[in-house]
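The structure appears below as structure tokens.
A short reminder: the numbers here are calculations on the coordinates, not readings from a lab. Predicted, not measured: the structure shown is a model, and the values here were computed from it. Here Cβ is always computed from backbone atoms with ideal geometry, including for glycine, and neighbour counts include all displayed protein chains.
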Amino acid sequence: MNKFALAVHGGAGTISKELMTSAREQAYRSALELALVRGQQVLAKGGAALDAVEIAVRAMEDSPLFNAGRGSVFNADGQHEMDASLMNGSDLMAGAVAGVQNVKNPIGLARRVMDNSEHVLLSGNGAFEFAHKQGVELEDDQYFFDEFRYQQWKEVVGTDRVQLDHADKQRKFGTVGAVAWDAHGNLAAGTSTGGMTNKKFQRIGDSPIIGAGTYANNESCAISCTGHGESFIRAVVAFDVHALMVYKGLSLAEAVRQVVHEKLPKLDGDGGLIAVDREGNIVLDFNCPGMYRGQVSHDREITTAIFL
């Protein structure tokens, strides 16, 4: 049996159990399970952690339930600007895109940046030009239209307010991500998001920034974050977990605890992260009422959760 571990998240925030309908909860759990199944199929056959991460994130980008890919929120101009990144722990190669439009799967474009360019991060029109040259799948604006997201935007359009994704009027950080450990001992992480509703000035959060929202290193762990991007950037969250493990010798669980529950709150950093270390240990932690999350491994069946 090939050893492996995989975890996914679909955002964190103020998610009220009392206001969550059973139908909506089941829809989220099913979407998380699909992402886990897709990634598990790769890893169980001895496939690469990086491939499993990409395919798991793609599954969530294809769902309108999450603020990434098809379900991305509207910016101030009524358009969609998406960010994504991924990193390979064996060689520290990484790829990322920011502010891209009409790309069906931004995580796939980030993979192309890593594999087929000399760069790590491409943005805006340049990233879109690269997407054309790479022949990645594009979709028109209608593909990304969601009535719920549209009503979110209508509440704040024309104002200077921005708001994080939410469900049923609740505050929620709708980033998606995945982390994996494969049979060869390699780690990988990926993150994708549509950002903030009504965002202006081509604002970019932590998701496409290596070391802030995404990090993977075979010496320690793989991390994917979800939360208030500005705080996660200032805290360099993903890299900080790695640093605490390598420089201070902390376990994954303790390193994550210190960052999520001690460091981030001082910076108004609500949110959480998913992580896996080089032994296949998984940690899913957050400092807010809930996080859409799930995990599976060679010796553990698929499980999903939303609340504490």
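Below is a table of values for the structure above.
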{"read-out": "Protection proxy ranking of 61-72, 42-53 - average other beta-carbon atoms within 10 Å, highest first", "value": "61-72, 42-53"}
{"read-out": "Label-point separation in nm, H298 to H132, each point 7 Å along Cα→Cβ", "value": "4.6 nm"}
{"read-out": "Proportion of all alpha-carbon pairs of the stretch 5-303 beyond 36 Å (%)", "value": "8 percent"}
{"read-out": "Between the stretch 252-308 and the stretch 176-199, the alpha-carbon center distance in angstrom", "value": "13 Å"}
